[in-house]
Amino acid sequence: MKLYSRLIILFAIFALLMTTTVQERETVHASSATTYTTTFNRKGFFVVTQDAYLPDRTILNLGLDKPNDLHIGNEGYIYVADTGNQRIVVYDPDLGEVVDEITYEGFSTPKGIFITEDNHLYVADSAAEKVFQFDLSTPDNDFMKEYVKPTSVSFEATSFNPKKVAVDKQDNLYIIAEGVFDGIIQMTAENFFDGYFATNKVVLTPVQRFQNLIFTDKQLEQLVNRDPGSFSNVYVDKNGIKYSTSHGTGLSNLKKHNTNGSSSIDTDYGVDLALVDTYTDENGIIYAASSYGYIFVFSSEGSFIFSFGTGEQGQDVSGIYSNLVSIAVDDEGRIWTLDEEKAFIQSYIPTDYSTTIYEALNLYQNGKYAEAVESWEEVLKLNQLSVIAHNEIGRNLFSQGFYEESMEHFELAGSRYLYQLAYWEVRNVGIQQNLPVFLLGFIGFMFVYGIVRLTNKKYQYLTAPVNAVKKLNNIKIINDFTFQFAFLKHPLDSFYILKKKARGSYKGAIMIFTLFFFVYMIFMTSKGFIYQFVEAADMDLGAIILGFFSIFILFVVSNYLVTSINDGEGTIGEVFKGVIYSLFPITVAYALTTFLSYYVTYNELIVLQLIVLTGTGWTALLIFLAIQELHNYTIRETIKSLLMTFLFMAIAGILFAFIQIMGDQLIEFIVALVKEAFRHVFN
């Protein structure tokens, strides 16, 4: 009896273990270590932040085969396009089981599904070349109709292999079809082709742009890979707003479409996000799935909030995707995703961090700015460096008229455009308040100036100060420094005087060059916030300084070497001084631009550009005249010498880079040789 009792106990334990294993294989919980949340910092780089979502359930027991799409039904069920099994699976997340499946004899490869508010299910089937419509409000999910290739003449030469579908409140269909690059197909409820709702632009490579310049129209027609980026999915929310996702670089991978098909948001980050699906919740928050295994979340206005997931594809780990193909969000805020290769559904639950952000965004949308600020301050308690929190606090303060306070948060968020909008308001108020004082001060100054000018003619009381200044200017080093002003009025005469050594010196030139160097470094590192796009801490100051002096020295030496073999009369010292004494306009331009960058907005950007362009052009003209006068060249000879100078500089730069690369390799070779020798000697 004891033997039988032990056998029964062992069998019971084994059965229990088997049951537990089966249950774990049916529904398992992914670890929080399988995903992490990232967002932008104020410099535009991805940084890890608090968890916005935590993995919830990994559902493996639905018997799916190559599923391609999922959608949340009106009753809260999850509908899955089970492409390999030619069916639509209906899953109840509350019961944790399949409650229905929709099959139809016309199904071949059902890839896309969409459910309308009136409970109609649309199924896009690429192999069947049809879109099927079912009535989910009937007990048997009655078949209603099918949409086939339109008979429109404009669509006659186009294939019709629908893979994704969405429907608006007017029962217009928006279809993504395989092999169709012209855009999103729009069809009416009567199966009439209504044109392409939206299209992607063609992004040409530099080689293709060059081909456009030299190839004929016939040659261009024979070229391949000139199709626009393809749409991967389309979605219509409860408000009738259309969204689409795309593949490709140089375009917005996620679009929120206006009625004319254009996009009201910009998600072109310079990389291909490889978005395959999108969904929105009741607050308009946009969720997008990437085939790379990431989930991106955007505000209703298209601002990036955060992303989570992992790019470690192909690993046999619960919750890590092999091919993420679809995303949906239920009324409780849970995210449901679908993997095609592993055929599982993965859910995520929001954390307090994400729900607080969504609440704050919703308050802003409803005009409750003060309450929104309080919510964002709760976010800052979780993450003091949250860019979106500072940015949104700034927007809410701006909407309340607290412009100076909003500027502080915009600067912390790195939002230069919003910062300059707030500053424009602050500056406008300041101008209105101080304009009377300024006008009175200006009038008073002109009055005093007129009196001084009139009385000085009689009493000559300014003679002594003027003579003192003139006497001060007679000091040679000061006279050599101020000599640069003469080049503005009489450049040719001044270069002739410089050549004859009547005025100007190496000490004066070094003082001018030192001043220009400091002005240039301040211009590069210390402009106003809205114009200082790269902070000094992120710059390679050593490379900037080295490049500054290297280019100057290389230009002077190259020009002297070129002109010395082309009958140039100027010495290297004269070229050195001539170039430096030509720097005054650009020095003033950089200094003035740096100063004004603290007081002008993007509306006055043209002013700063004009100042820099004028200073640079003026200095370039003076250098041209310096080369011409110092070497006694004609205009044609001067142009030729400058072109040869730049060519020599380019050759020298390439040669230096080659020597540097070869030198690094030589050092590595010597180090490896020494290590090998030591290893043989001591072993």
Original post:
Which residues, taken from the range 257-280, are surrounded by 22 or more Cβ atoms within 10 Å (Cβ to Cβ) and in a loop (DSSP other than H, G, I, E, B)?
Top reply: 267, 273
**OP:** Filter the range 346-367 down to the residues that are without any contact (Cβ under 8 Å) to a residue 40 or more places away in the chain and small (Gly, Ala, Ser), then identify the one that is least open to solvent (accessible area, probe 1.4 Å).
**Re:** 360
**OP:** Give the range 368-389 a look and list any residue that's open to solvent by 10 Å² or more (accessible area, probe 1.4 Å) and in contact (Cβ under 8 Å) with a residue 24 or more places away in the chain, or say none.
**Re:** 369, 370, 373, 382, 383, 385, 387, 388
Original post:
If you go through the range 399-412 one residue at a time, how many are farther than 16 Å from residue 377 by Cα and part of a helix (DSSP H, G or I)?
Top reply: 5
Original post:
Pick from 59, 88, 72, 102: which is among the aliphatic types (A, V, I, L, M) and within 19 Å of residue 238 (Cα to Cα)?
Top reply: 72
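Out of the residues in the range 477-501 that are of a type in the set (Lys, Arg) and loosely packed, with under 12 Cβ neighbours inside 10 Å, state the one that is modelled with the highest pLDDT.
The first filter runs over the range 477-501 and keeps only residues of a type in the set (Lys, Arg), leaving 489, 499-501.
Still in the running and loosely packed, with under 12 Cβ neighbours inside 10 Å: 489, 500-501.
Working: 489: 88, 500: 85, 501: 84.
The qualifying residue modelled with the highest pLDDT is 489.
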**OP:** Would you check which residues across the range 74-92 are open to solvent by 10 Å² or more (accessible area, probe 1.4 Å) and not aromatic (Phe, Trp, Tyr) and list them?
**Re:** 74, 75, 76, 83, 84, 85, 86, 87, 92
Original post:
Looking at 461, 417, which one is open to solvent by 90 Å² or more (accessible area, probe 1.4 Å), farther than 30 Å from residue 581 by Cα and either at pLDDT below 85 or among the polar types (S, T, N, Q) (or both)?
Top reply: 461
**OP:** Give the residues of the range 520-540 that are over 24 Å from residue 585 (Cα atoms) and buried (at least 17 other Cβ atoms within 10 Å of the Cβ), sorted by residue number.
**Re:** 529, 530
Original post:
Do we have residue 637 as among the charged types (D, E, K, R), open to solvent by 40 Å² or more (accessible area, probe 1.4 Å) and farther than 22 Å from residue 516 by Cβ here?
Top reply: yes
Subject >> Hits in the range 541-584 (condition: farther than 16 Å from residue 656 by Cβ, open to solvent by 20 Å² or more (accessible area, probe 1.4 Å), assigned to a helix (DSSP H, G or I) and of a type in the set (S, T, N, Q)) >> reply: 564
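Based on what the data block shows, is residue 140 open to solvent by 50 Å² or more (accessible area, probe 1.4 Å), among the charged types (D, E, K, R), part of a loop (DSSP other than H, G, I, E, B) and closer than 15 Å to residue 89 by Cα? Lay out the reasoning, then the answer.
Working: open to solvent by 50 Å² or more (accessible area, probe 1.4 Å): yes; among the charged types (D, E, K, R): yes; part of a loop (DSSP other than H, G, I, E, B): yes; closer than 15 Å to residue 89 by Cα: yes.
Here the answer is yes, as residue 140 does meet what is asked.
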**OP:** Look through 159, 126, 152 and report the one residue that is touching a Lys or Arg at 6+ places or on another chain (Cβ under 6 Å) and either polar (S, T, N, Q) or open to solvent by 10 Å² or more (accessible area, probe 1.4 Å) (or both).
**Re:** 126
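The values are calculated or read from the model by the stated rules, or taken from the named source; none is laboratory data. Because the structure is predicted, anything quoted here is derived from the model rather than measured. Neighbour counts run over all protein chains shown; Cβ positions are idealised from the backbone, glycine included. What goes into the accessible areas is simple: the full protein's heavy atoms, side chains included, and nothing from ligands, DNA or RNA. Shrake-Rupley method; radii C 1.70, N 1.55, O 1.52, S 1.80 Å.
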